[in-house]
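Just below is one structure, and these are the notes that go with it.
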Amino acid sequence: MQQYTSLNQLDELAETSYPLCMRVLHKALRKNHHLTHGGRIQYCLFLKGMGLSLSDAMTFWKDEFMKIMDDTAFKEYKYYIRFIFGKEGSHRDYQPYKCLRILKSIIGPRDYHGCPFKHMLHDILEDELTDCGFNALERSEIMKLSKDGQYFAACNKYYEIKHDCFNDTLFEHPNIYFNESMKHRT
Ligand code: SF4
C-alpha cells in the first residue's frame, strides 16, 4: 500500500484520499492559516495516524500559523503539537479520533471540525460537494443520506463516488478511510 511520504503530497491527498471531514479541515487551514482548538486536535491526530512525524507535523503547522502570528504566539501551539505526539505533559500516545468520537463533537460558528455529514449546514455541505466536483445526482444522493441521519452511509457514498467503486463496509474511522483510499493508488 502506498502511504504518505512527504508534506508536498498533502494538498493532493486531501482531494483524492481524505474523508470529507479532513478535507474540510485541510482546506480551512490553507485558507485561514488557523483552526480552532477542536479542529487542530482532530486534524493533527489524523495526520499523526497517516504517519506524519513530529518534525513534519511541526513544519506543516508552523508554515500555516506563522502566516498570521509571530514566533512567540506560535509557542503555545508548538506545545500542543508536541503534547499530541506524547512529548509533553502526560506523555500519552494519543490516537486519532474514531468517527463516533467525531460525531459527538460540539461545534461552534467558527469551527470546521466534526463530521460534515452531521454538523454542516445543508447548503454549506452541498457547496462542499460541488467543490469536490460531484454532479447534481451525486450530491442529492449524499444529501439525502445526510438529512436522514445516515452519516456513515453518506460518507461511504462520498467514498464510492470519489473512487468509482462499490464499498460494502462502512468506515468507522477517518484513517481507515484514508488507508483504503490509498489502495486505489498505483
Ligand atoms: Fe469523517 Fe467519519 Fe464523518 Fe466520514 S463518517 S466524514 S470519516 S467523521
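Readers should treat all values here as calculations from the given coordinates under stated rules, not as data from a laboratory. Since the model is a prediction, treat every value here as computed from it, not as a measurement. Heads up, the Cβs are rebuilt from the backbone with ideal geometry, glycines too, and the neighbour counts pull from every protein chain shown.
In terms of packing, defined here as the mean over residues of other Cβ atoms within 10 angstrom, the peptides 53-65, 172-184 line up highest first as 172-184, 53-65. Here the stretch 148-175 and the stretch 1-67 have alpha carbon centers that stand 21 Å from each other. The lysines whose alpha-carbon is closer than 26 Å to the alpha-carbon of residue 78, local same-chain residues fewer than 8 away aside, are 27, 31, 48, 62, 67, 87, 98. Every Cα-Cα pair of the chain was included, and the share exceeding 24 Å stands at 37 percent.
Inter-label distance, residue 34 to residue 104: 2.9 nm, where each label sits 7 Å from its Cα along the C-beta direction. For the chain, modelled as a GNM whose springs connect Cα atoms under 10 angstrom apart, the maximal fluctuation among 120, 143, 66 occurs at 66. Gyration tensor over the Cα atoms of the stretch 19-89: the corresponding equivalent ellipsoid has semi-axes (square roots of 5 times the eigenvalues, largest first) of 17, 16, 10 Å. A Förster radius of 35 Å, combined with the Cβ-Cβ distance separating residue 54 from residue 136, puts the computed FRET efficiency at roughly 0.20.
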